[in-house]
Each structure stands twice: as structure tokens, then as C-alpha cells.
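Participant: Would you mind keeping the following structure in view while I ask a few things?
The values are calculated or read from the model by the stated rules, or taken from the named source; none is laboratory data. The structure presented is a predicted model; accordingly, all values stated were derived computationally and were not measured. Every residue, glycine among them, receives a Cβ derived from its backbone with ideal geometry; neighbour counts consider all protein chains shown.
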Amino acid sequence: MRVAIAGGTSRTLGYSIVSALLATQGRYTPVILSREASITKKHSHGEHEVEVRYVDYHSHTSLIAALNDVDTVISVLLIPGPEWVTVQLNLLYAAEAAGCQRFAPSEFAFTSSANTMVDVLDAKNVVWEAVQTLVDEHRIDAARFPCGMFMNYLGMGCPDSGRREEALAGFEEGPFLFHLENNESPWIEVPLRSDKSFPSLTMTDIHDIGRFIVAALDITEPWAGRELGMAGDTLSFKDLITICQRYVQRPIDVRALTESQLQARLSTLAPNKIIPRMECQLAIVCARNSSVVPPILNHSCSVKATTVEDYMQRYWGLKSFQS
Ligand SMILES: NC(=O)c1ccc[n+]([C@@H]2O[C@H](COP(=O)([O-])OP(=O)(O)OC[C@H]3O[C@@H](n4cnc5c(N)ncnc54)[C@H](OP(=O)(O)O)[C@@H]3O)[C@@H](O)[C@H]2O)c1
């Protein structure tokens, strides 16, 4: 069964999903879709080479040609601005026209209700509305895959004894909520719920996401437009702080903020401050305790996902041996 990964060149989700597909030893054959004509027809992936198909996401003909023998399309695209919607809709309609059976848009965030609270992530819901229409009309099968926050944010600042690169899994964004990279005085920002209690947070290691996707492909009944959430771990900020504290081995400053303080911060951020606005709105998602992803996929597969404790032990635990 051939699975096309749109944006599969990425070192994060693309790498994780392609690796997991290759590990099925032929049950699923990955094909990477890329805009980069310069990437050779084969993409080196450890010991394997993976076919890369050049696509013009604005050409229906180009997309259909790339998808004509593909069973499932998984998108891991990230495109700043309105193009993200256009490109994914082009991909969706080409997948339908090419006779693909299943489609998954680029989700990998919190749930759809959380997306509505974040300007840039609401684009995911716009795409999903179109996907859902095709599902309802039995023109394609589809699912969306929320995973919570990438656990790899916790890898920023871990001891660079050769494992930091692995800890980050190709992730190159800046810190968010967890500022463990600040070695001298690490701090964690905690959005408080309305009753001042600490919310819970779902986190998933990028390395595990590919295996969850394979588990979803293995589901024989239709995905039927479901939100097939995966969760590496879901725990309260209180427990997260305790675990981080144990491995970072420095006092962690906890900076709690209420939703009204976050709203005040948001009001100072101009619309063109896209990333700070997104981070502030995501913190509000946490304050509303909408930062938990129901682990639907976990219940239907045997993937043993990395927990926060496992993750911190693996990538920060070394520090205790060095000092
Ligand atoms: N849960 C979390 O904590 C978290 C954090 C970050 C991101 N995410 C989500 O994860 C998904 C992937 O994000 P990412 O950071 O891994 O993506 P990324 O690496 O920035 O991009 C993925 C791929 O998109 C393609 N691409 C980039 N710009 C494009 C454009 N203008 N037109 C068409 N294709 C373009 C590129 O492939 P080619 O160059 O080969 O075409 C690239 O490899 C997104 O849905 C994002 O929202 C989640």
C-alpha cells in the first residue's frame, strides 16, 4: 500500500512518519511529495532510499500525476499564511480525483476546538470542513490526528552529549512555556485555570508520531472523519514541573499567569506578531484546560509511547552522570 507524505522531506514529522512506514518492511511504501525539483528522485533515509515525487501544489494535473497509484495521503505541510489552506485543499481534491482512499490533513496540534482559539491554527478547521464534506459524501475517507504539544520542546537545553539532536528530532522552533534551555535560571510559564488550579497538557514525542500513523493505517474500518488523537503523555503542570525539576537539577522558577493576564498580553500584540500571538493564544488554550487530547488512537493500538518521565530520563538524565 503506497502512502504519500506531503512535506515528507521535513526532519520532524516527515522523518518520523517515513521511518515508521519503512519499518513495516513493505507493508506500506512511503512516497514523499516535495516542491523541490532539485531533490533527487530518491531521498536517503538511513539505509533506505525513498521515492520523492516533485509536485506543484497549484497544479491539479501535477498533483494527480503524483498521486495516481497512492492509497493514502498524509499531509505534514506547514505553510505560513492563507496558502496553507489553498495548498491542502488542492491536495485533497487531487487525492479524490486520483482515487486515493484516505486523506489526513496537517493537524498535529491540540483538538479542533482548541484550534478555534488560535488564529493561525483555525486554518486547520477550514481545511477540515472541506475534508468532512467529502467524507460525508463518501468521496474519500479521512481522519485528523491531534497529538498535543511536541514533547521535544522539553529537549531544548538538554546536555549536549550527542543526544540533543536526537532529543529535538529535527525540531528547530524556539522554546514555548518550558524554558529549560535557560541553564542558569530555568523557568516554566503556567497558564492557570479560572479556579487557579494547574491545567493538564498532552505531549507526544515526534519520534512516536510515525508509529501512531502506521497504527491508524492498520485500522481496517473507515476512519470516517474521526479525530484520532494520540497522546504520549497527559499530565498536570504540577507533575510536569516536578519531573522537570528532578532532571534539570536546578531550581525552576514557576511563572503562573491567569487567563486575564494572558488576554492583556494578547491585546498588546499587533496582528503581524504571528508567533507571539499564537503562543499567547495557545497558553489561553491551556488556561481553559483545552490542552488535553483524548487518546483515541492509543486505545486502538499497541504503540508504547514515550512518557515525559521516559523522555526526561533519556535526554536529561545523563546530566546526573556527568556532574
Ligand atoms: N504540536 C506541536 O507542538 C507542533 C509544533 C510545530 C508544528 N506543529 C504542526 O506540525 C505540522 C508540520 O509542521 P513542521 O514544523 O514539521 O513543518 P515544516 O518542517 O516547517 O514543513 C513541512 C514541509 O512543508 C513543506 N512546505 C514548506 N513551505 C511550503 C510552501 N510554501 N508550499 C508548500 N509546501 C511547503 C516543505 O516540504 P518541501 O520543501 O519538500 O515541499 C516542508 O518540508 C503542522 O501541522 C504544524 O502545525 C505542531
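Participant: Just for strands (runs of 3 or more DSSP E) wholly inside the stretch 1-46: which have at least 3 residues that are without any contact (Cβ under 8 Å) to a residue 40 or more places away in the chain?
Facilitator: Strands (runs of 3 or more DSSP E) meeting the threshold: 29-34, 42-45.
Participant: Now for a separate question. Can you tell me which residue among R2, R53 is under 24 Å from the mean Cα position of the chain (by Cα), over 18 Å from G210 (Cβ atoms) and not β-branched (V, I, T)?
Facilitator: R53
Participant: Looking at (1) of a type in the set (S, T, Y); (2) farther than 30 Å from D160 by Cβ; (3) in contact with a helix residue (DSSP H, G or I) (Cβ under 6 Å, 6 or more places away or on another chain), which is the one condition that is false for S267?
Facilitator: Failing condition for S267: (3).
Participant: Okay, next question. Can you find, within the stretch 59-85, the residue that is nearest to the ligand (Cβ to nearest atom) among those that are surrounded by fewer than 20 Cβ atoms within 10 Å (Cβ to Cβ) and of a type in the set (V, I, T)?
Facilitator: Going residue by residue through the stretch 59-85, those that are surrounded by fewer than 20 Cβ atoms within 10 Å (Cβ to Cβ) are 59-62, 64-65, 68-69, 71, 78-83, 85.
Among the residues that remain, those that are also of a type in the set (V, I, T) are: 61, 64, 79, 85.
Details: T61: 17, I64: 17, I79: 4, V85: 12 Å.
This residue is I79.
Participant: Quick check on my filter: what residues within the stretch 123-154 are in contact (Cβ under 8 Å) with a residue 40 or more places away in the chain and more than 12 Å from the ligand (Cβ to nearest atom)?
Facilitator: Across the stretch 123-154, the qualifying residues are V126, A130, V131, Q132, L134, V135, D136, R139, I140, D141, A142, A143.
Participant: Identify, please: which residue in the stretch 1-58 is of a type in the set (F, W, Y) and closer than 18 Å to A94 by Cα and is, among those, nearest to the ligand (Cβ to nearest atom)?
Facilitator: First pass over the stretch 1-58, keeping only residues of a type in the set (F, W, Y): 15, 28, 54, 57.
Within this subset, residues satisfying the condition of being closer than 18 Å to A94 by Cα are 54, 57.
Values: Y54: 9, Y57: 5 Å.
That would be Y57.
Participant: So, one more: Checking I213 against (1) of a type outside the set (K, R); (2) over 17 Å from the mean Cα position of the chain (by Cα); (3) assigned by TED's automatic domain parsing to the domain that holds K124, which single condition isn't satisfied?
Facilitator: (2)
Participant: Please enumerate the residues belonging to the stretch 86-122 that are buried (at least 20 other Cβ atoms within 10 Å of the Cβ), within 11 Å of the ligand (Cβ to nearest atom) and in a helix (DSSP H, G or I).
Facilitator: Of everything in the stretch 86-122, those that are buried (at least 20 other Cβ atoms within 10 Å of the Cβ), within 11 Å of the ligand (Cβ to nearest atom) and in a helix (DSSP H, G or I) turn out to be V87, Q88, L91, A114, N115.
Participant: Do we find that C147 is farther than 23 Å from G14 by Cα and buried (at least 16 other Cβ atoms within 10 Å of the Cβ) in this structure?
Facilitator: Details: farther than 23 Å from G14 by Cα: no; buried (at least 16 other Cβ atoms within 10 Å of the Cβ): yes.
So C147 fails the test.
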